[in-house]
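Enquirer: Please read through the structure below; I'll follow up with questions.
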Amino acid sequence: MNPYDRVAYPNRPYPNTHPDHLAVVARLRGIDAAPVERARVLELGASEGGNLIPMALTLPRAEFTGIDLAAEPVERGRQVIRNLGLQNVRLLNIDLLDVDASFGKFDYVIAHGLYAWTPPKVRDKLLAIARENLNPAGVAFVSYNAYPGGHLRMLLREMMLYHAGGFEDPRERLEQARAVMQLVARGRPNADAFDAAVAAEAAEALARDDGSLYHDYLAENYEPAYFHQFIAHADRHGLQYLDEASVRDAANLKLSPEAVAVAAQAAGGDRIVEEQYLDLLRLRRFRQSLLCHAGAPVAARLQTERAVGMLAATSAAETAEGEFSHPNSVRIKTNHALTLMFLRRMIAGWPQEERVEADTAEMALQLFQNGMIELHTVPGVAVRAGEKPRASPLVRLQASRGDSSVSTLRHRALTIEGDPARRFIALLDGTRDRTTLAREMDCSREEIDARLESLARRAVLLA
Ligand SMILES: C[S@@+](CC[C@H](N)C(=O)[O-])C[C@H]1O[C@@H](n2cnc3c(N)ncnc32)[C@H](O)[C@@H]1O
């Protein structure tokens, strides 16, 4: 039986895989990536469509295909697609080894959480698809566990497998693996620095839900790659490195300027070598690399002028005069008048965007690289609450079936705490005004207003 049929894997939206985000990064790098409104998107290892279905909902004229070897997640995803009546997304229960030219060409190919967990033959085919089924200006997203940081997980994996690897039953396997991790996390009272680092990693593994621990740590295949190895593999398939999907990561904000300078010097102008040195210095463990066809004109740096005409938005808040805090934990402090005005306008307008102009492009790009704002190529669909508020049909479906996490219209996973919050969302079908909502929730109008404002800020409401 397929392991992903035996134990479900948590499957949700991954913002960095969204074609709009891929288009932003590609265009800033000089590649004229296809307009996302009508793009063809292929996701390999799409599981139950937790990433693909929210994209399809907000881009009704684009076309989405997801494939996965495991039957049960695919069936669960198809149920959601049927429920929402979506015509532009399909999930196929097939092996990616069977993808061929008959699938046609795609503008964006996504493989999230697949490369490091599959045998060499599948990994090879994954990159072959990223080449053969990709349009000339197409972008492929491939995430993978990377070395050197991946060694730490490998260390824990080997401990867990030594003890729990013989257990067939997934429940027992997980229980035994957790027992080992508990000892590693707490077993050495006089811990030195190395012990403490491993213990912290074990604590992180213990915090994982069953699906993540079972598949991310105990999977049959687990083979992280050094960045340079991954790029060499991509090169053998006629693909080149475009950029990292996590733009903030690419800015290397966690390294000292000296370390960044040394990496650049050691690389002597070779971008791949430089990135590899940076990975070594950062002890990097995960990458979300973007690839495009070898020979495509990738610019050496992000091009500021290409940000003009893009759409900027932020869900940040100004927590004190000139201090801004973003839900992704980024904080900045500024007294630069233009930046203050720009950020304040966007905060007031969220979830709507502001067009980037020539005079705001440089600032927008910098804030984008800091993780303080988003850039888009197409306007989002989320709005503030109207007279008869309506939540995204997907969010309503997820809330009514009791999910603890829902998929926002900005392609993020949002945790919903408690049954009343879920019941409230399920009521937001556009037929009830605030008075009716207050009556049905048995609460005040003020509470309804506050709940709606909070949902609107999280990009859950539709016009
Ligand atoms: C770790 S999960 C990642 C799922 C999803 N992409 C995510 O990140 O949430 C790997 C997925 O790849 C699928 N998979 C593994 N080998 C495959 C293959 N040869 N063809 C298609 N799907 C495959 C598994 O069934 C599983 O759903």
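Enquirer: Take the alpha carbon atoms of the range 16-142, find their radius of gyration, then divide it by 2.2 N^0.38 Å using N residues; give the quotient.
Expert: 0.99
Enquirer: Here's something else I'd like to know. Using Cα-Cα distances under 8 Å and only pairs 6 or more residues apart, what relative contact order does the chain have, in percent?
Expert: Working: 836 pairs, mean separation 74.0, N = 463.
Here the relative contact order equals 16 percent.
Enquirer: Same structure, new question: Based on other C-beta atoms within 10 Å, arrange Asp100, Asp20 from fewest to most.
Expert: Numbers: Asp100 9, Asp20 25.
In increasing order of surrounding Cβ atoms, one gets Asp100, Asp20.
Enquirer: Give me the extension gain from Ala267 to His151: residue separation times 0.36 nm, minus the current Cα-Cα distance, reported in nm with one decimal. List each step's numbers first, then the result.
Expert: Details: separation 116, 0.36 × 116 = 41.76 nm, distance 2.36 nm.
Value of the extension gain: 39.4 nm.
Enquirer: In whole Å, what are the extents of the range 28-91 along the principal axes defined by its C-alpha atoms, from largest to smallest?
Expert: Result, largest extent first: 41, 23, 13 Å.
Enquirer: Can you figure out the FRET efficiency of Asn190 with Glu318, using R₀ = 56 Å and their beta-carbon distance, to the nearest 0.05?
Expert: On the way: r = 46 Å, r/R0 = 0.82.
After rounding, the FRET efficiency stands at 0.75.
Enquirer: Starting from the Cα-Cα distance between Asn221 and Glu172, subtract it from 0.36 nm times their residue separation and give me the gain in nm to one decimal. Could you put the intermediate results ahead of the total?
Expert: Numbers: separation 49, 0.36 × 49 = 17.64 nm, distance 1.96 nm.
Net length gain for the segment: 15.7 nm.
Enquirer: Straight-line reach only, C-alpha to C-alpha below 14 angstrom: list the aspartates and glutamates that Lys121 could link to, leaving out same-chain residues fewer than 8 apart.
Expert: Asp95, Asp98, Glu223
Enquirer: Additional query: If you scale each eigenvalue of the Cα gyration tensor by 5 and take the root, what three semi-axes come out for the range 390-462, rounded to whole angstrom and sorted largest first? Could you put the intermediate results ahead of the total?
Expert: On the way: eigenvalues 69, 30, 24 Å².
Value: 19, 12, 11 Å, ordered largest first.
Enquirer: Against the 2.2 N^0.38 Å scaling, with N counting residues, where does the range 150-217 land? I'd like the Cα-based Rg ratio to two decimal places.
Expert: Details: Rg = 11.5 Å, N = 68, 2.2 N^0.38 = 10.9 Å.
Cα-based Rg divided by the globular estimate yields 1.05.
Enquirer: So who's got an amide H within less than 5 Å of the one on Glu43, skipping anything under 5 residues away but keeping other chains? H placed 1.01 Å off N, in plane.
Expert: Residues meeting the criterion, in which the H sits 1.01 Å from N, are Thr65, Gly66, Ile67, Ile110.
Enquirer: Please state the relative contact order of the range 367-462 as a whole percent: Cα pairs under 8 Å, 6+ residues apart?
Expert: Values: 127 pairs, mean separation 36.7, N = 96.
The value is 38 percent.
Enquirer: If I take all pairs of Cα atoms in the range 304-376, what percentage of them are more than 18 Å from each other?
Expert: Numbers: 723 of 2628 pairs.
Looking at the range 304-376, the distances longer than 18 Å represent 28 percent of pairs.
Enquirer: Explain nothing, just compute: Karplus ³J(HN,Hα) = 6.51 cos²θ - 1.76 cosθ + 1.60, θ = phi - 60°, for every residue of the range 398-414 in order, whole Hz, x for Gly and Pro.
Expert: With coefficients 6.51, -1.76 and 1.60, one gets 5, 5, 6, 8, x, 4, 8, 10, 10, 9, 6, 6, 9, 6, 10, 8, 10 Hz.
Enquirer: Treating the chain as a set of equal point scatterers at the Cα positions, no solvent, please give the Debye-formula log₁₀ I(q)/I(0) at q = 0.09 Å⁻¹.
Expert: -0.65
Enquirer: Any idea what the relative contact order of the range 304-376 is, in percent, if you count C-alpha pairs under 8 Å spaced at least 6 apart? Before the final figure, lay out each step's value.
Expert: Values: 109 pairs, mean separation 34.7, N = 73.
Relative CO of the range 304-376 lands at 47 percent.
Enquirer: Shifting gears a bit: Just tell me which lysines come within less than 28 Å, Cα to Cα, of Lys125; anything on the same chain fewer than 8 places away is out.
Expert: Straight-line reach from Lys125, under 28 Å: Lys105.
Enquirer: May I ask for the distance between the Cα centers of the range 86-119 and the range 403-430, given as a whole number of Å?
Expert: 29 Å
Enquirer: Using a simple spin-label model with points 7 Å from Cα along the Cα→Cβ vector, what separation in nm is obtained for Glu357 and Ala337?
Expert: Here the answer is 1.6 nm between the modelled labels.
Enquirer: Put a dot 7 Å past each Cα toward the Cβ at Glu258 and Ser454; how far apart are the dots in nm?
Expert: 4.6 nm
Enquirer: Using alpha-carbon positions, what is the distance between the centroids of the range 1-20 and the range 152-224, in Å?
Expert: Answer, in whole Å: 21.
Here, each number is a calculation from the coordinates, and none is a lab measurement. Given the structure is predicted, the values throughout are model-derived calculations rather than measurements. Here Cβ is always computed from backbone atoms with ideal geometry, including for glycine, and neighbour counts include all displayed protein chains.
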